[in-house]
Structures are given as C-alpha cells and as structure tokens.
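S.K.: Next up is a structure, given as structure tokens.
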Amino acid sequence: MKNYLSVTDIDSLPSWVDEAIELKKHPKAHKGLGENKTIVLLFFNNSLRTRLSTQKAALNLGMEVIVMNFGSEGWTLEFTDGTVMDQGKSEHVKEAAQVVSQYCDVIGIRAFANLQDKEADEAELVINGFKKHATVPILNMESSVGHPLQALADAITLAENNNKSKPKVVLSWAPHPKALPHAVANSFVEMMHLQDVDFVITHPKGYELNSKITKGATIEHDQNKALENADFVYVKNWSSYQIYGQILHQDKNWTMTLDKLGTAKFMHCLPVRRNVIVADAVLDSNQSLVIEQANNRTFAAQIALKKILENL
Ligand code: AN0
Ligand code: CP
C-alpha cells in the first residue's frame, strides 16, 4: 500500500483487524521494520489521540517521529497552481511537500474541513496537495472528508466486542454547539459498508450526510425506532451537509442517555462534550467503549504504517 488516505485503501479488512489485534498483544513485534525510517506528522488542527497514538504506533515499529503543528507554526500554504502569491500565503504546497519529503519516509497529515466552501473541502486541497507533490507516502490523520484511522480503530473495537454473526450498529447524530466536520461519520459509514452488520443511520431531517457515501444504508429519522435492538450505538455530531457547515439546531432530545441506549454498547471517537452529546451516566457506565476505541487508535495506526513500510 502506497498511501492510507481512505478506508477504501484497506485491501482486506478482516486480515487488517486480525493483524491489529495481534499487534495489540505484541506491540513491538515488528520493531525492526521502521528502523532508520522517519515519519513527519503535520498537524493543521488540534489533536490529542491522533497525535499521541500515531507517534506511539510509529515508535512501536521502531520509527523516528517528528511532529509539527503546521497550522500554528508553519508558513501559510498556497494550494492553487498558477496563483500570483502577493496576498497572505507565504509558501506553495509544491515546495513544502517536496521539502518535507526530504526529511522523512512517510508524512502524516491532519487537515480538517474548513466548512466554508464545500467544493474546496471535497477537493481535499491539503492532503491531495501533499499527495501530488510529496515523494513519500501519505497517512491521513483526518482530512476534510474522512478519518480512516478512526474508522479502523472503530472496526477493531467492534470486532473485539461483538459476539453476534450480524450485529445491529446504529450511527446516531447528537447536538453540539460548534459546527463539526463530516469526516468521522463519513469514514464510519464507509467502514460499515465493508462489514456484515445491520446498519442504521439516524439523524434529524436536514442533517443528511453526502448521499454518495450513505448510498445503500438505511436512514431512519425516528431515533427511538432506529435504536431498537441495537448492539452498538455510535454517536457523533456533524453540521449540515446540504446547507454546508451550518448548525440547523441543537435539539437536546438527540443527546444519548442510558434509557435510549438500552443494553447496547456506546461508541464515540472523542473528544466528547459530556451531557451535550451523551449523558455522564453512559460515559461512566461499563457499556461505554470510548477509552478502548482510543486505545485501538494505536493499533489502527500501527497496522496502516506497517502496510506502508512493507511497501517502501
Ligand atoms: C473533530 C471532528 O468532529 O471532526 C475531531 C474528531 C476526531 N471534533 C471536534 O472538533 C470536536
Ligand atoms: N478521535 C480523534 O481523532 O481524536 P483527536 O482529535 O484528539 O486526535
């Protein structure tokens, strides 16, 4: 595998999940693989889990790690070709990507959707700009439209906690005071397409995700109905996709409670706002898988990096 940009880069999900669970048992088993290899992690946005788990994964594989908060410390980048750069942008991605490539063997990039311009977000300017001009593989650490490392950690967590042949998995929208990207939900939906699950998406009308991504999935606007007999409930906020990046409302009736969850397991990518997205009682119960999901970020990153390193 050259790059890990989307869950569609996974050639065989079951074998990746099995290998990740094996890596979890023996994290340093492939410590020689990354010897004399360096990964540079460029953060255009904040992070806790991605930053630490991806470093941890690289260290487990014997790599050296350089982290840069590009968003606050790098030069502001231009991504459009042929621009007369007489405005605020200091450096073109053409130079930046080639320069960073000289310092490392893999580049990890986090660059969220700005939620202002749908077309620009869907063009994935940052990650595609680097992909085009870098001479080393690219690892997606959450781009405008996807968060494939999170979705892979979610798949690992599901595999570890599932005991049914076809569990019911519900993706449920929840309110949030800030406009959030669609990336986590998009990649989770794509991941569910790769699994043998009874999958239902529930959200208030107006919060439809990109129909190209949800194609084939069941969408149920009645949250209670969607949650009936659920085995896993994945809760996430996202802003409107149709009225791009807008908060239509913050209906508190969509907050996940123990009552609504029933006997299902609760999942969320974190960071989570307590008592807005989900009640304390859910997060503090043993039905919550969120800490294990975050733990599995290390092994998701480790399996993705292992595949990249094996192909260098
Ligand atoms: C981000 C999002 O929703 O995409 C990152 C989640 C991993 N969340 C926030 O900005 C709160
Ligand atoms: N889930 C996740 O990607 O968390 P961070 O934004 O803290 O990296």
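None of the figures in this text is laboratory data; all of them are computed from the coordinates on show. On a predicted model such as this, the values are computed, not experimentally measured, just so you know. Here the Cβ is made from the backbone with ideal geometry for all residues, glycine too, and neighbour counts use every protein chain on show.
S.K.: Just the Cα atoms of the range 126-198, one point each, no solvent: what log10 I(q)/I(0) does Debye give at q = 0.16, 0.17, 0.25 Å⁻¹?
M.R.: -0.70, -0.76, -1.16
S.K.: Now for a separate question. With axes computed from alpha carbons, what is the tilt in degrees of helix 49-60 against the longest principal axis of the chain, rounded to the nearest 10 within 0 to 90?
M.R.: 60 degrees
S.K.: Between Val65 and residues 5 or more places away or on another chain, which pairs have amide H atoms under 5 Å apart, with H built 1.01 Å from N, and which residues are they?
M.R.: Amide H to amide H, under 5 Å and 5 or more residues apart or across chains, Val65 pairs with Ile39.
S.K.: With everything on Cα atoms, drop me the angle between helix 148-161 and the longest principal axis of the chain, reported from 0 to 90° to the nearest 10.
M.R.: With rounding to tens, the tilt is 40 degrees.
S.K.: Roughly what % of DSSP beta bridges within the range 150-292 run antiparallel, to the nearest 5?
M.R.: 0 percent
S.K.: Rule-of-thumb check for the range 87-180: C-alpha Rg over 2.2 N^0.38 Å?
M.R.: Working it through for the range 87-180, the quotient is 1.42.
S.K.: I'd like the Kirkwood hydrodynamic radius of the chain, using the inverse of the mean 1/r over distinct C-alpha pairs, in Å. Don't jump to the answer; show the numbers that get you there.
M.R.: Working: mean 1/r = 0.0500 Å⁻¹.
When all Cα pairs of the chain are included, the Kirkwood radius is 20.0 Å.
S.K.: Through the Karplus equation 6.51 cos²θ - 1.76 cosθ + 1.60, θ set to phi - 60°, convert the phi angles of the range 252-268 into ³J(HN,Hα) values in whole Hz; use x for Gly and Pro.
M.R.: Result, rounded to whole Hz: 5, 5, 8, 4, 7, 10, 4, 4, 6, 5, x, 9, 5, 8, 9, 10, 7.
S.K.: Same structure, new question: How would you rank 271-278, 39-46, highest first, on the average number of other Cβ atoms within 10 Å across their residues?
M.R.: Packing order, densest peptide first, comes out as 39-46, 271-278.
S.K.: Now, a different point. If you count, for each residue, the other Cβ atoms within 10 Å and average over each peptide, how do 98-105, 169-176 line up from highest to lowest?
M.R.: Order by mean packing, descending: 169-176, 98-105.
S.K.: Hey, any idea what the orientation-averaged projected area of the convex hull of the range 150-292's Cα atoms comes to, in nm²?
M.R.: 7.5 nm²
S.K.: What is the distance in Å between the Cα centres of the range 193-212 and the range 229-267?
M.R.: Here the answer is 12 Å between Cα centres.
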